[in-house]
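Please treat every number below as a calculation from the coordinates, not as lab data. Since the model is a prediction, treat every value here as computed from it, not as a measurement. In this analysis, Cβ positions are derived from the backbone assuming ideal geometry, glycine residues included, and neighbour counts consider all displayed protein chains.
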Amino acid sequence: MSWLTGHAGEIAARTLEHLLLCGTAFAIALTIALPLGLLAARRSRAGLPLIAALDAIYTIPSLALFALLIPVMGLGFWTAVTALVAYAQIILVRNVVAAIQSVPSWMVDAARGLGMTPLQVFLRVELPIAAPVAIAGARVAAVSIIAIASVAAWIDAGGLGTLIFAGIERQDIRLIAAGTLGIAALALIADGALRVAEHALRAPTPPAGG
Amino acid sequence: MASIRFAGVRVAYPGAARPAVDGVTLAIPSACLAVLLGPSGCGKTTLLRTINRLQPIDGGRIEIDGRDTAGLDPIALRRRIGYVIQAVGLFPHLTVAQNVAVVPNLLGWDSQRVSERVDTLLAQVSLDPQSFRDRYPSQLSGGQQQRVGIARALAAEPSILLMDEPFGSVDAIVRASLQKETLALQRRTGATILFVTHDVEEALSLADMLVVMRDGHFEQTGTPAEILTHPATPFVAELVDADDALRRLSVITLGELTASAARGTPLPEEPGTIPALDAGVSLRAALAVMLETGAPRVRVMHDGREAAVLDLDTLRNAVRR
């Protein structure tokens, strides 16, 4: 216990670093993935090669991807963010595509037939129907980013991975446990928060009858 | 009030062996209920969707009230044409009231007017506004969903209503009552309705004008009675089962028959022993009455007065080919 109180400051600092790293990566990844996903869903000619390319990035082991970026970007925060964004892309883009395609064609047809403009069809019909599906994908991406971000410590980007690497070096199981549990807690919290958002956005489906 | 005119309308899907709609020409007068009847793949839905320009045309022109629709803004055009799609088509994330209010909201009506309109429409399609407004489509039966779909299509008082196999997903009893309500609604609003179906019974019972389609062209156009009594091609005869004499009797009313036939001679018998039927009753129903009561003739009443007398021979002649 006294160990924990002695290291509370560092654990908190590393957790904040981890949050900042992952939050930044997640926000940038979403900003890129939404238009890319929309494009891929609407234009399969552009979408298929795009998804193939993102798939290829995903097959690179995380440690190797970080290593590959060092000669280009050097060490540090933004290198780690770049790697995390690249990883999250395929998960997010695939899900945005799946989400848009989950809107039945008859629904889009009805919306157009009633006289909605393309923008109105998107905002009033496609987005509300697709959002819960897309957020389900965002949950997976968020958890992946939080887990992979532990490797960021290896390129001096900080975060809870720092505790794990330090623990391995000093053969201190307590440091490893603190880092691991911290990451797991962050992942659970992020997953839970997005799950709440997903449920709030789901079309109400109360028990049938009446 | 709106008339629709197709002039050489053609739709060709890329890569298809033949055009989906192959140069059809037809004038549908205002306040007419026209039914497009044909097997699946005959082009009837495609033709329907050319009217609100969901389906672009590759040739010919479509006029509404004499104006070429190609020159109109498709968004504005769709907002003044009611559209009831196959398989209901309600938005699952919106309540019944929000679904019905879609077009009025697009048109920018104020919320008070929208709300009143929603209540009026729900009542018109036999749904109690109080208990249905705030429900979601998933909480409704198939028939109730279909009623909401019709209310939504009627929301902005369109002069044209397009209905694409609207009752395909409901059971026979609900379908019959929805058909009856569609007819009543059409008489009340005076809307021009274009109704697509592959159900012959439905087509015969609803149509003012029946259009039989096959492979992208019109096989025959006419009233149900004309098509049943004088099918133009073997395909039409088979499709509508024109050999069925009872079916032919079912689409002709007593009034239609007696208007053309010579007036019957005054009856020697006591009038009380002869069944009296309204002129709007079908010949088939009249025959059923004769068979049931054993009466050799019926009196045809028009506005409460005896207009003619009809006997079995007249019926027989009407159905003979």
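List of remarks:
- Only DSSP H runs of four or more residues enter the estimate; each adds -39500 (n - 2.57), and after division by the residues of the protein assembly as shown the mean residue ellipticity at 222 nm equals -17000 deg cm²/dmol.
- Where Rh is the Kirkwood radius over Cα pairs, Rg/Rh for the stretch B:4-241: 0.97
- With a 10 Å cut-off around each Cβ of B:51-59, the average count of Cβ atoms from other chains is 1.
- Computed over chain A, the Cα gyration tensor eigenvalues convert (square root of 5λ each) into semi-axes of 39, 22, 11 Å, ordered from largest to smallest.
- Our coupling estimate for the stretch A:62-75, obtained by passing each phi through the Karplus curve with A = 6.51, B = -1.76, C = 1.60 and θ = phi - 60°, is 4, 4, 5, 5, 4, 4, 5, 7, 4, x, 7, 10, x, 8 Hz, Gly and Pro reported as x.
- Per-peptide average of other Cβ atoms within 10 Å, ordering A:94-105, A:14-25 highest first: A:14-25, A:94-105
- What the Cα atoms of the protein assembly as shown give is an Rg and a Dmax of 33.6, 122 Å.
- Model label sites at A:Ser102 and B:Ala172, defined 7 Å from Cα along the beta-carbon direction, differ in position by 4.0 nm.
- For residues of B:97-104, the mean tally of beta carbons on other chains within 10 Å: 2
- In this label model, B:Leu312 and B:Phe235 are separated by 4.0 nm, measuring between points 7 Å along each Cα→Cβ vector.
- Residue by residue, the stretch A:148-165 carries 3J(HN,Hα) couplings of 5, 4, 4, 6, 4, 4, 5, 10, 6, 9, x, x, 5, x, 4, 4, 5, 4 Hz when phi is fed to the Karplus relation 6.51 cos²θ - 1.76 cosθ + 1.60 (θ = phi - 60°); x denotes Gly or Pro.
- Label-to-label distance, nm, for residues given as B:Ala76 and B:Tyr13 (7 Å Cα→Cβ offset): 3.2
- Karplus-derived 3J(HN,Hα), 6.51/-1.76/1.60, for each residue of the stretch B:173-186, Hz, glycine and proline x: 5, 5, 4, 4, 6, 5, 5, 4, 5, 5, 4, 4, 5, 5
- Hydrodynamic radius (Kirkwood) for the stretch B:169-240, which is based on Cα pairs only, to one decimal in Å: 13.2
- Using the Cβ-Cβ distance between A:Gln171 and A:Ile57 with R0 set to 45 Å, the FRET efficiency works out to roughly 0.85.
- Amide H within-cut-off set for B:Met209, under 5 Å, with H built and near neighbours excluded: B:Leu33, B:Ala34, B:Val35
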